[in-house]
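S.K.: Take a look at this one; I'll ask things after.
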Amino acid sequence: MANDRFVYVTYIRTTPEKLWEALLKPEFTKQYWFGVTLESDWKIGGAWKMVLPDGSIAHDGEVLDFEPEKRLVFRWRGERSAEIRAEGFSRCSMEIEEVPSGVKLTVLHEIDRPESKLIEDVSGGWPMILSNLKSLLETGGPMAGLLATCRSAA
């Protein structure tokens, strides 16, 4: 099976407004994305980057689509290894749909490259990040110890 796409769907007891704020504001991303912040002017065509707690850049790219509280699409390049960087750009889209008692969040991350190391990498990270996001929005806090638990299982 080609490893060129990752899809994750979750339902969160929150509003589209609160989810949108959590996706973009550094004070929220730091809580559920293990200290990471996303930096951008959040305009179509604008650059974005994922900044790790030590200040290094994990991923970067360009904002391709930006519809507040509905849709966010990035051109995304991994910067953490030469092998992943050589794969070039992938595409990550986040779709928000209001449903009874909350929102449906769909994350689709894809690249036109079979057996992608980037997709393999993000396929391990997205479930942790999105589970933490769901916990933060529903309970007021991320899942304590999630990253350490996942690292020890690897």
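S.K.: When you look at GLY35, is it open to solvent by less than 80 Å² (accessible area, probe 1.4 Å), more than 12 Å from the chain's Cα centre (by Cα), closer than 25 Å to LEU137 by Cβ and not β-branched (Val, Ile, Thr), yes or no? Show your work before the answer.
M.R.: Details: open to solvent by less than 80 Å² (accessible area, probe 1.4 Å): yes; more than 12 Å from the chain's Cα centre (by Cα): yes; closer than 25 Å to LEU137 by Cβ: yes; not β-branched (Val, Ile, Thr): yes.
Answer is yes for this residue.
S.K.: Report every pair of residues separated by at least 6 positions or lying on different chains whose Cβ atoms are under 6 Å apart, first residue within segment 50-77 and farther than 18 Å from LEU108 by Cα, second part of a strand (DSSP E or B).
M.R.: VAL51/THR37; VAL51/GLU39; LEU52/ALA58; ILE57/LYS49; ALA58/MET50
S.K.: Under 7 Å between Cβ atoms, at least 6 apart or on separate chains: pull out the pairs that start in segment 86-105 with a residue that is more than 14 Å from LEU72 (Cβ to Cβ) and among the aliphatic types (A, V, I, L, M) and end on any residue that is open to solvent by 50 Å² or more (accessible area, probe 1.4 Å) and at pLDDT 95 or above.
M.R.: Partner pairs satisfying both residue conditions: VAL99/TYR11.
S.K.: Where residues in segment 1-17 are assigned to a strand (DSSP E or B) and either touching a Lys or Arg at 6+ places or on another chain (Cβ under 7 Å) or free of Cβ contacts under 8 Å to residues at least 60 places away in the same chain (or both), which of them is surrounded by the most Cβ atoms within 10 Å (Cβ to Cβ)? Break it down stepwise before answering.
M.R.: Start the filter on segment 1-17 by keeping residues that are assigned to a strand (DSSP E or B), which leaves 5-12.
Subsequent filtering for residues that are either touching a Lys or Arg at 6+ places or on another chain (Cβ under 7 Å) or free of Cβ contacts under 8 Å to residues at least 60 places away in the same chain (or both) retains 9-12.
Values: VAL9: 12, THR10: 16, TYR11: 14, ILE12: 23.
Step by step, filter segment 1-17, then rank; the result is ILE12.
S.K.: Same structure, new question: Any idea which of TRP42, TRP20 is of a type in the set (Phe, Trp, Tyr), within 16 Å of the chain's Cα centre (by Cα) and part of a loop (DSSP other than H, G, I, E, B)?
M.R.: Working: TRP20 fails: part of a loop (DSSP other than H, G, I, E, B).
Just one listed residue meets the conditions, TRP42.
The values are calculated or read from the model by the stated rules, or taken from the named source; none is laboratory data. Please read these numbers as outputs of a predicted model, since none were measured by experiment. Backbone-built Cβ (ideal geometry, glycine too); neighbour counts: all protein chains shown. Heads up: the accessible areas ignore ligands, DNA and RNA and are worked out on the full protein's heavy atoms, side chains in. Shrake-Rupley method; radii C 1.70, N 1.55, O 1.52, S 1.80 Å.
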